[in-house]
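Take a look at the structure below.
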Amino acid sequence: MSKVMVVTSGKGGVGKTTSSAALGAALAQAGQNVVLVDFDVGLRNLDLIMGAERRVVFDLVNVIHGDAKLPQALIRDKRVDSLSLLPASQTRDKDALTEEGVGRVIDELREKFDWIVCDSPAGIEKGATLAMRFADVAVVVTNPEVSSVRDSDRIIGMLDSKTRRAEAGETLEKHLLLTRYDANRAARGEMMKVEDILEILAIPLLGIVVESQDVLTASNLGCPITLHNPASVAARAYADAARRLMGEILPIDRPSERKSFMSRLFGRKAVA
Amino acid sequence: MAGQTLQLPKIRVRGRSFMALIIAPEYPLASWFEALDQQIKASADFFADRPVVADLAAVMAETPTRDVAKAVLDGLAARHLRIIGIEGVDPALLPGTRWEQTPTVLHGREVRSVSPTQTSINETEAPATVATPPAPSLLIDRPVRSGQAITYEDGDIVVIGSVASGAEVVAGGSIHIYGALRGRAIAGLGAGASARIFCRKLEAEMVAVGRLYRTAEHWGEGLQGRAVQVLSDRGSLRLSAFN
């Protein structure tokens with residue numbers, strides 16, 4: 001039974017593409033057949049994050065318009081066999097997508113893959129709505145920051161109304177993925193607390209990914225963080241999140257504050 | 001025509017209610033018509049295209065003749081009044097005149113008298129003949145998400161869950177929120193000042209009851225995060241915490 005998972009957020013720059021790549025790679029490493037689909041037509045990034053930018057011949061828009069067949073456009077990852085990428089077009093824009101075309105592509109992908117990860121663009125326009133349209137599962141990526149939380153709330157409202165499942169009266173599984181979390185800043189009150197975010201968004205927590213320098217390094221190298229540095233804190237958080245998506249019950253690892261050397265010495269929190 | 005049935009169009013009948021003006025000429029007719037002419041000159045639009053019912057009861061009481069009826073009605077028509085009905089006349093007087101087909105049996109309900117100084121009459125002010133049923137309420141059993149706008153003019157709105165920042169709840173009656181109010185709540189669109197807003201946690205951006213509204217900067221920090229009711233009290237908006 002294949003699952004279509006949309007990774008969305010509303011707000012831009014919170015970690016959708018990073019998370020799509022990381023979760024997709026983690027699922028593939030666990031033995032699942034995974035395809036990542038980039039819906040950000042015109043501003044594609046997933047191919048860069050996956051290190052496939054020099055192998056793109058055909059893209060999602062080509063397949064929708066019938067210029068190419070789906071197997072011609074799919075790019076298989078060199079590191080993990082069961083991981084593939086369907087890139088977006090860089091020369092077109094979101095108006096090139098049609099609901100009917102996207103539906104056909106998703107149906108064809110369902111026949112070959114266990115997980116179809118749709119990397120949504122930011123915003124609430126056509127690219128974002130089509131990315132979520134056929135989803136069975138949604139991962140809402142949020143930074144612990146007020147504007148990200150409000151935008152995520154808007155997106156959750158749209159997941160509950162503008163998807164095929166919502167229109168058919170079925171439930172769409174929604175998960176919250178908190179990214180770029182910094183426990184020290186949260187303790188100092190500079191960043192929203194996990195409890196407050198959960199109270200506002202009211203969807204189950206999938207995982208907390210701490211702010212990590214490895215993420216930038218990995219994306220510059222064109223490798224998803226779960227493949228590049230699987231031992232890093234962020235990679236482990238993504239790996240656990242992937243296991244939860246597959247149905248495993250794992251307790252969420254709450255990142256604790258890291259006491260600085262001085263505060264350890266004197267037993268006090270660092271005061272600004 | 002064997003084997004073929006003609007598809008006849010479906011006859012659709014619509015209903016519409018509008019207010020007609022009732023005009024009642026009186027003796028002496030010459031001065032009445034002169035007064036009417038002055039009225040028309042003063043506010044030409046008053047009668048323009050309005051359906052008019054001619055009530056000839058006063059005239060017919062004195063001179064119940066066909067000639068008088070015809071003369072009065074012709075006089076009204078000459079002044080471009082659109083006579084759609086005639087009252088106070090014995091219908092037997094009308095055959096042979098141009099008024100033969102004009103309805104004389106009219107069902108309707110009197111409205112308050114219309115002042116000729118009004119140049120436009122709001123036709124929707126005709127009173128409802130049906131007693132309005134008790135206001136039902138709209139129940140929303142999930143959080144209202146940012147960007148969603150819920151409007152229910154026929155009564156109260158009850159939300160089980162929170163109303164997010166950037167969301168809007170608009171009710172004809174009161175608004176009851178079993179959760180945090182972080183967006184906007186506008187109550188009393190129909191009920192006016194008697195409506196209230198209740199919430200478990202006030203973090204709202206704006207509240208309004210009837211025509212009075214307040215944004216968050218007005219009520220200060222003291223009420224933030226508390227269970228609060230919002231009401232209209234003697235012309236001003238009052239927010240008060242429960243305990």
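Every number here is computed from the coordinates shown, using simple stated rules; none is lab data. Source: prediction; values computed, not measured. In this analysis, Cβ positions are derived from the backbone assuming ideal geometry, glycine residues included, and neighbour counts consider all displayed protein chains.
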*Rounded, prolate or oblate: which one fits the protein assembly as shown, using the alpha carbon gyration tensor with axes a ≥ b ≥ c (rounded when a/c is under 1.5, else prolate when a/b beats b/c, else oblate)?*
prolate
*Which residue, chosen from B:A48, A:I156, B:G75, occupies the Cα position most advanced towards the positive end of the dipole of the protein assembly as shown, where the dipole is computed from +1 (Lys, Arg) and -1 (Asp, Glu) charges on Cβ about the Cα centre?*
A:I156
*Give, as a single signed number, the net charge of other residues whose beta carbon lies under 13 Å from the beta carbon of A:D240, with Lys and Arg counted +1 and Asp and Glu -1.*
+2
*Over what distance in Å are the Cα centres of segment B:147-203 and segment A:45-87 separated?*
48 Å
*Tell me the chymotrypsin sites (Phe, Trp or Tyr not before Pro) within segment B:1-99 that lie in a loop according to DSSP and have at most 15 other beta-carbon atoms within 10 Å.*
B:F18
_Starting from 0.36 nm per residue, how many nanometres of slack lie between A:E170 and A:D93 once their C-alpha separation is accounted for?_
24.6 nm
*Rounded if a/c is under 1.5, else prolate if a/b is larger than b/c, else oblate: which is segment A:34-145, with a ≥ b ≥ c the root eigenvalues of its Cα gyration tensor?*
rounded
*asked:* For segment B:169-215, which trypsin sites (Lys or Arg not before Pro) pass both filters: DSSP loop (anything but H, G, I, E, B) and at most 13 other C-beta atoms within 10 Å?
replied: B:R211
*Just subtract the alpha-carbon distance of B:A30 and B:S43 from 0.36 nm times their residue separation and send over the number in nm, one decimal.*
2.7 nm
*Cut-off 14 Å, label 7 Å out along Cα→Cβ of A:R188, residues of segment A:217-260 by amide N*: A:257-260
_What distance in nm separates the two pseudo spin-label positions at B:S194 and A:R55, each 7 Å out from Cα along the beta-carbon direction?_
7.2 nm
_Charge dipole (the protein assembly as shown, unit charges on Cβ, about Cα centre) - positive-most of B:S146, A:L83, B:W99_ = A:L83
*Sum -39500 (n - 2.57) across every DSSP H segment of at least 4 residues in the protein assembly as shown, then divide by the residue count to get the 222 nm mean residue ellipticity, nearest 500.*
-8000 deg cm²/dmol
*What is the order of A:C223, A:C118, fewest Cβ neighbours within 10 Å to most?*
A:C223, A:C118
*Go ahead and set up a Gaussian network model of chain A, Cα springs under 10 Å, then flag whichever of A:A231, A:A21, A:A128 fluctuates most.*
A:A231
_Projecting each Cα onto the charge dipole of segment A:167-218 (Lys/Arg +1, Asp/Glu -1 at the beta carbon, about the Cα centre), which of A:P204, A:A218, A:L177 comes out farthest on the positive side?_
A:A218
_Dipole magnitude (debye, nearest 20) for segment B:1-110, charges at Cβ of Lys, Arg, Asp, Glu_ = 800 debye
*Give the shape of segment A:84-238 as rounded, prolate or oblate, defined through the alpha-carbon gyration tensor: a ≥ b ≥ c are the square roots of its eigenvalues, a/c under 1.5 means rounded, and otherwise the shape is prolate if a/b is larger than b/c and oblate if not.*
oblate
_Taking θ = phi - 60°, what integer Hz values does the Karplus form 6.51 cos²θ - 1.76 cosθ + 1.60 yield along segment B:74-82, in sequence order, with x for Gly and Pro?_
5, x, 5, 5, 5, 8, 6, 7, 8
*Taking neighbour Cβ counts within 10 Å as the exposure measure, how do B:Y178, A:Y238 sort from fewest upward?*
B:Y178, A:Y238
_Based only on other Cβ atoms within 10 Å, what is the fewest-to-most ordering of A:R154, A:R55, B:R66?_
A:R55, B:R66, A:R154
*Exactly which GluC sites (Glu not before Pro) in segment B:189-243 are in a DSSP loop and have at most 11 other Cβ atoms within 10 Å?*
B:E221
*Could you tell me how many degrees, from 0 to 90 and to the nearest 10, lie between the Cα long axis of helix B:29-42 and the main elongation axis, the longest principal axis, of the Cα atoms of chain B?*
40 degrees
*asked:* Tell me which DSSP H helices of chain A clear both cut-offs, 15 Å or more of axial length from alpha-carbon atoms and a mean Kyte-Doolittle hydropathy of at least -1.0.
replied: A:16-29, A:146-159, A:233-245
*Please identify, among B:V158, B:V13, B:V170, the residue showing maximal mean-square fluctuation in a Gaussian network model of chain B using a 10 angstrom Cα cutoff.*
B:V13
_Given charges at beta-carbon only (K, R positive; D, E negative), |dipole| of segment A:70-158 in Debye_ = 200 debye
*asked:* Under a Cβ-only charge scheme (Lys and Arg +1, Asp and Glu -1), can you give me the dipole magnitude of chain B about the Cα centre, in debye to the nearest 20?
replied: 1100 debye
